[in-house]
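Derivation of every value follows stated rules applied to the coordinates shown; laboratory data play no part. Since this is a predicted model, take the numbers as computed values, not measurements. Neighbour counts are summed over all protein chains in view; Cβ atoms, including those assigned to glycine, are modelled from backbone coordinates with ideal geometry.
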Amino acid sequence: MMKRYVQKFVWLALLSLLAAFCLSGCGTITTEEAQQYLDGNGDTSEQDYSKYDSGEVGAYDIEESESGGESSESSDAAEASNNSAAAVTGQNGNGSSSSSASSSTVANQPKAVTEENQSVDTSVTNQCTISISCATILNNMSSLAAEKKSLVPSDGVILKKTTVTFYKGETVFDVLKRVTKKNNIHMEFTESVAYSGAYVEGIANLYEKDCGGRSGWEYCVNGWYPNYSCGSYVVSSGDEIAWNYTCVNGDLE
C-alpha cells in the first residue's frame with residue numbers, strides 16, 4: 001500500500017514539474033532579451049535571436065550603370081551619391097544646380113558630354129581662368145576637423161584667379177588636373193561611371209565631409225553651378241572656372 005502511494009506521489013511531482021516547465025516559456029525569447037541583443041548586450045550564446053535580424057534594415061543598394069556594369073567601388077560610390085544628394089554637389093550630377101541663375105539662363109548652358117563623345121583638338125588652343133577657394137570654411141571653423149585647420153589659408157584662397165591655356169574640347173576636369181599639377185597643389189579624384197565621369201574628392205588635402213556631413217567641392221562656370229560631372233563640362237574660350245568648397249547648402253549662392 002505504501003509503495004502505491006509513493007508511486008502516485010512521484011508521478012504527481014513529475015507532472016507538476018512538467019507543467020511548471022511549460023508555463024515558464026522555455027525556449028522563447030522575451031522582449032527584454034531581444035532588446036538586449038539589438039543593443040549588443042546580454043548573453044546570446046544559448047538563445048537563437050536570428051528572427052530579430054533583418055537584412056533590409058539600413059541596407060543600401062547602389063544601382064548598376066546604364067551600361068549594365070556594376071561599380072568596382074560600390075561603397076565609395078554609395079557614399080559619394082549620398083553626399084551629393086545631401087550637399088547638392090554640382091560635380092556629381094546627382095543634385096540640382098545651386099546657382100541662383102534664372103531657369104532660362106540655365107537652359108542655355110552647355111549640355112554634359114560623355115567621354116565617348118568628347119573630342120579634343122590639340123591643334124587649337126584657347127584661354128580661360130580658374131580659381132580655387134575654401135573661404136566658406138572660415139565661417140565654419142568649429143565644424144572643421146582639428147587636424148585640417150592649419151591647411152586653411154587666412155583668406156581662404158588656395159589659387160587666385162589665374163589665366164590658363166587649354167586645348168579645344170577639354171573639360172573643366174582636364175583644366176583642374178593641369179593647373180593643380182603645375183602649381184603643386186594636391187588633388188585627389190575618382191573616375192567612374194558611378195559618378196557620371198570624374199569626381200573630385202579633395203583639393204589641398206581638404207576633403208568632402210571634412211567640415212560637416214554636407215561639405216565638399218563644387219565647381220562653377222561663369223557663375224553657374226552645373227549639376228553634372230566636371231569631366232562632362234567642355235570648356236569654352238573665355239570661361240571663368242571657380243572651384244569652391246561648400247560647408248552647408250546655400251553658402252555658395
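Between 184, 244, which is more than 21 Å from residue 114 (Cβ to Cβ), in a loop (DSSP other than H, G, I, E, B) and not hydroxyl-bearing (Ser, Thr, Tyr)?
Working: 244 fails: in a loop (DSSP other than H, G, I, E, B).
Sole residue among the options that is more than 21 Å from residue 114 (Cβ to Cβ), in a loop (DSSP other than H, G, I, E, B) and not hydroxyl-bearing (Ser, Thr, Tyr): 184.
Conditions: (1) closer than 25 Å to residue 138 by Cβ; (2) part of a helix (DSSP H, G or I). Residue 217 meets all but one. Number of the miss?
Single failed check for residue 217: (2).
Of the residues that sit in segment 126-155 and are free of Cβ contacts under 8 Å to residues at least 24 places away in the same chain and assigned to a loop (DSSP other than H, G, I, E, B), which one is surrounded by the fewest Cβ atoms within 10 Å (Cβ to Cβ)?
Checking each candidate, the answer is 154.
Those residues that are within 15 Å of the chain's Cα centre (by Cα) and at positive phi, I need them from segment 206-242; list them, please.
209, 212, 216
Take the residues in segment 190-227 that are aromatic (Phe, Trp, Tyr) and surrounded by fewer than 21 Cβ atoms within 10 Å (Cβ to Cβ), then tell me which one is nearest to residue 109 (Cα to Cα). If you could, list the steps in order and put the result at the bottom.
Filtering segment 190-227 down to residues aromatic (Phe, Trp, Tyr) leaves 195, 199, 207, 217, 219, 224-225.
When the remaining residues are screened for being surrounded by fewer than 21 Cβ atoms within 10 Å (Cβ to Cβ), the result is 207, 224.
Values: 207: 28, 224: 9 Å.
Applying the filter and picking the extreme gives 224.
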